[in-house]
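Participant: Below are the structure tokens for one structure; questions will follow.
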Amino acid sequence: MEEIEDSIADLRTTYRSRKTRSVAWRKNQLRGLIKLVQDNEQKIAKALYHDLGKHPAEVYRDEIGIVKKSANHALSCLEKWMAPKKSRLPLLFFPASAEVLSEPLGVVLIFASWNFPITLALDPLIGAIAAGNTVLLKPSELAPECASVLQEIIPIYLDCNAIKVINGGADVGEKLLQQKWDKIFFTGSARVGRIVMSAAAKHLTPVTLELGGKCPAVIDTLSSLSDIKVMVKRIVGGKWAACNGQICIGVDYVLVEKKFASTLIDSLKRTIKKFFGESPKDSKSISRIINKNHFDRLSKLLKDPHVAASIVHGGSSDEKKMFIEPTILLNPPLDSEIMTEEIFGPLLPIITLNNIQESIEFINSRPKPLVIYAFTKDKTFNRQILSETSSGSLLFNDTLAQYTSDNLPFGGVGQSGFGRYHGKYSFDNFSHEKAVMQRTFFLEMQPRYPPWNDFKMSFFRFAYDFDYFNLLLLLLGLKK
Ligand code: NAD
């Protein structure tokens, strides 16, 4: 507890020194972060292989590359993001000027999850630094090698008075939550998300919760063989080629018309073989399960006899290697745990429908997903999914790609979380947008003040209907 309190005291002193507000400091830290991932690429890849069996190519795509891209983007946009934004004012307060000024929140706490232990720690950190905060980062104890690499290298590359790493499990998390923060950014489960929110309520601390849930892939019947091939590659890629399904935005289950199910399953099986060979566990292109708890949790999902009976591909596992084979299930019971809980692993249930339109009701009768993937060439169905469902993100005809954009907000809605980040959205997430209005003592609009009369009433009507810009247009005859 003493280490935590001392760290927070240090972070607060640094924040109060105002050094983290300068553009130079923020840019230096972002450059430091880029150098950190560049110099330590091998060390990070080794740690991710140790914790999750990730291939270096997957590590670069999902962790190192993402962090470098994000930090470079923040570096190039920083001054634009920090610049005050001019605002228009009602005529009532003429003359005056107004702007929105982004200021840092203060000392922020970031909790990371284990499935992308580097990205989920460093990507929010980029936003927090860009916005000028001091930060305490708690990596996930479930990816211990990555957590210890982060603790070792962050102080070497970043300002250790402003950015600190504390490692530990739930006990450390709980102690951190007893402290007062200016913002808590949490990536993890809804269960711990609730704990975070209750703790934050005590100090009225703003919170971002990046949670999970069940992300469906809606698959419209496709007739062209080449379209089917592309679609299936994208589904297999989005399910098993990113941390072997242990990913919040992975495809949790598929909704498809009955008549198309067998074509889809055959194509999925062929593509799995093409990507991971006859023996996926020896392929080195697929991650392992993080630990025994998660291995047992996933194995238990398959032990339900009705679920086991629905396996149409895979189903084998190797506890010694912490590996579960890519597994496809056809119509497991909708009330079984595999269909009521987030899977977060390599199991893919396929649920058949008579008509793909039924997918909308299926999705809407469950908690709002973090992402919906929809594969369709039908424009009407595309519009229907767009307007009749709600989710954190919606991606047509691909998987995972939305995550990599610095210009799209990433975050959930409803039970998949709230708050958003990536690119400018990260900067905003860790900033307070301060409204600033400047007036002088010149020119007083007397009708503002009592005693009231009809003229003043008319004046208010006019003054609220027009801001300076509209008045200018009116005076120039460009507006009626
Ligand atoms: P978790 O909630 O168990 O842990 C998340 C963090 O909270 C870890 O740092 C952990 O040490 C800490 N923690 C655990 N118990 C705590 C407690 N009692 N008090 C305080 N802190 C505590 O989640 P997880 O197992 O790391 O991640 C799995 C979940 O996270 C899945 O639901 C997944 O969908 C979600 N997730 C979401 C995203 C996203 O970006 N939306 C990304 C990755 C994972």
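The values are calculated or read from the model by the stated rules, or taken from the named source; none is laboratory data. Treat the numbers as computed from the prediction; the structure is a model and nothing was measured. FYI the Cβ positions are ideal-geometry reconstructions off the backbone, even for glycines, and counts take in every protein chain you see. Surface areas here come from the heavy atoms of the whole protein model, side chains and all, with no ligands, DNA or RNA. Shrake-Rupley method; radii C 1.70, N 1.55, O 1.52, S 1.80 Å.
Participant: Considering only 66, 77, 14, whose Cα is most displaced toward the positive end of the charge dipole of the range 1-81, charges sitting on Cβ of Lys, Arg (+1) and Asp, Glu (-1)?
Facilitator: Result: 77, furthest along the dipole toward the positive end.
Participant: Follow-up question, since we're still on this one. Extending each Cα 7 Å along its Cβ direction at residue 364 and residue 284, get the distance between those two points in nm, one decimal.
Facilitator: It is 5.0 nm.
Participant: Same structure again: Please work out the FRET efficiency for the pair residue 191 and residue 468, using the Cβ-Cβ distance as r and a Förster radius of 45 Å; give the result to the nearest 0.05. Walk me through the intermediate numbers first.
Facilitator: Details: r = 51 Å, r/R0 = 1.14.
Computed FRET efficiency for residue 191 and residue 468 comes out at 0.30.
Participant: Could I ask something else about it? With respect to the cross-link table entries 274/320; 233/274; 273/303; 239/284, which display a Cα-Cα separation exceeding 21 Å? Spell out each step's value before the answer.
Facilitator: On the way: 274/320 25 Å; 233/274 10 Å; 273/303 24 Å; 239/284 16 Å.
Correct reply: 274/320; 273/303.
Participant: Nearest 5 is fine: what % of DSSP beta bridges in the chain come out antiparallel, could you say? Mind showing how you got there, number by number?
Facilitator: Numbers: 20 of 55 bridges.
Taking every DSSP beta bridge with both residues in the chain, the antiparallel ones total about 35 percent.
Participant: Would you mind working out the accessible area per residue for the chain, using a 1.4 Å probe, and quoting it in Å²?
Facilitator: Values: 21950 Å² over 480 residues.
I get 46 Å² per residue for this part.
Participant: Could you work out how far the C-alpha centroid of the range 304-336 sits from that of the range 369-404, in angstrom?
Facilitator: 27
Participant: Once phi is turned into θ = phi - 60°, what whole-Hz ³J(HN,Hα) does the Karplus curve with 6.51, -1.76 and 1.60 give for every residue of the range 45-53, x standing for Gly and Pro?
Facilitator: In residue order, the calculated couplings are 4, 5, 5, 6, 5, 5, 7, 9, x Hz.
Participant: If you don't mind, another one. Please compute the net charge surrounding residue 431, taking Lys and Arg as +1 and Asp and Glu as -1 over other residues with Cβ under 15 Å from its Cβ. All intermediate terms of the calculation are to be shown ahead of the outcome.
Facilitator: Details: positive: 21, 26, 80, 85, 183, 420, 424, 434; negative: 79, 99, 103, 182, 428, 433.
Spelling it out: positives minus negatives among the neighbours equals +2.
Participant: Right, here's the next one. Taking Cα atoms, how many degrees apart are the long axis of helix 2-16 and the longest axis of the chain, rounded to 10 and kept between 0 and 90?
Facilitator: 40
Participant: Using each residue's phi in the range 225-237, evaluate 6.51 cos²θ - 1.76 cosθ + 1.60 at θ = phi - 60° and report the 3J(HN,Hα) Karplus result to the nearest Hz, with x for Gly and Pro.
Facilitator: 4, 5, 5, 4, 4, 5, 4, 5, 4, 5, 6, 5, x
Participant: Just the Cα atoms of the chain: what Rg and Dmax do they give in Å?
Facilitator: Considering the chain through its Cα atoms, Rg and Dmax are 26.0, 87 Å.
Participant: Can you tell me which aspartates and glutamates have their Cα less than 18 Å from the Cα of residue 259? Leave out same-chain residues fewer than eight positions away.
Facilitator: Hits, sequence-local ones excluded: 220, 227, 358, 378.
Participant: Calculate I(q)/I(0) for the range 336-387 by the Debye formula, one identical point scatterer on each C-alpha and no solvent, and give its log10 at q = 0.15, 0.20, 0.22, 0.31 Å⁻¹ to two decimals.
Facilitator: -0.50, -0.87, -1.03, -1.47
Participant: Still on this structure, I have one more. Within straight cross-link reach of residue 46, meaning Cα distance under 16 Å, which aspartates and glutamates are found once same-chain residues fewer than 8 apart are removed?
Facilitator: Correct list for residue 46: 58, 62, 63, 145, 152.
Participant: When the dipole is taken about the Cα centre of the range 216-411, and only Lys, Arg (+1) and Asp, Glu (-1) are charged at their Cβ, what size is it in debye, to the nearest 20?
Facilitator: In debye, rounded to 20, the range 216-411 gives about 600.
Participant: Share of the chain's accessible area from carbon and sulfur, percent, 1.4 Å? Mind dumping the intermediate values first?
Facilitator: Numbers: 12210 of 21950 Å².
Here it works out to 56 percent.
Participant: Could I ask something else about it? Can you tell me the orientation of helix 190-203 relative to the chain, as the angle in degrees between its alpha-carbon axis and the longest Cα principal axis, to the nearest 10?
Facilitator: So the helix axis and the longest Cα principal axis differ by about 20 degrees.
Participant: Tally the DSSP beta bridges in the range 216-411 and give the antiparallel ones as a percent, rounded to 5. Could you put the intermediate results ahead of the total?
Facilitator: Numbers: 4 of 23 bridges.
Rounded to the nearest five, the antiparallel share is 15 percent.
Participant: So if I average 1/r over every pair of distinct C-alpha atoms in the range 36-104 and take the inverse, what Kirkwood radius in Å does that give?
Facilitator: On the way: mean 1/r = 0.0644 Å⁻¹.
With all distinct Cα pairs of the range 36-104 included, I get 15.5 Å.
Participant: A further question follows. Compute the angle between helix 454-465 and the longest alpha-carbon principal axis of the chain, please, reported from 0 to 90 degrees and rounded to the nearest 10.
Facilitator: 40
Participant: Next question, about the same structure. From the C-alpha coordinates alone, can you work out the Kirkwood hydrodynamic radius of the range 216-411, in Å?
Facilitator: Numbers: mean 1/r = 0.0590 Å⁻¹.
Every distinct Cα pair counted, the radius reaches 16.9 Å.
Participant: Using a Cα-Cα cut-off of under 20 Å, which lysines could be cross-linked to residue 85, ignoring same-chain neighbours fewer than 8 residues away?
Facilitator: 424, 434
Participant: For the chain, what is the charge dipole size about the Cα centre, in debye to the nearest 20, if Lys and Arg each add +1 at the Cβ and Asp and Glu each add -1 at the Cβ? Can you show the working numbers first?
Facilitator: Values: 61 positive and 51 negative charges, 242 e Å.
That gives the chain a dipole magnitude of about 1160 debye.
Participant: Could you work out how far the C-alpha centroid of the range 202-278 sits from that of the range 59-99, in angstrom?
Facilitator: 34
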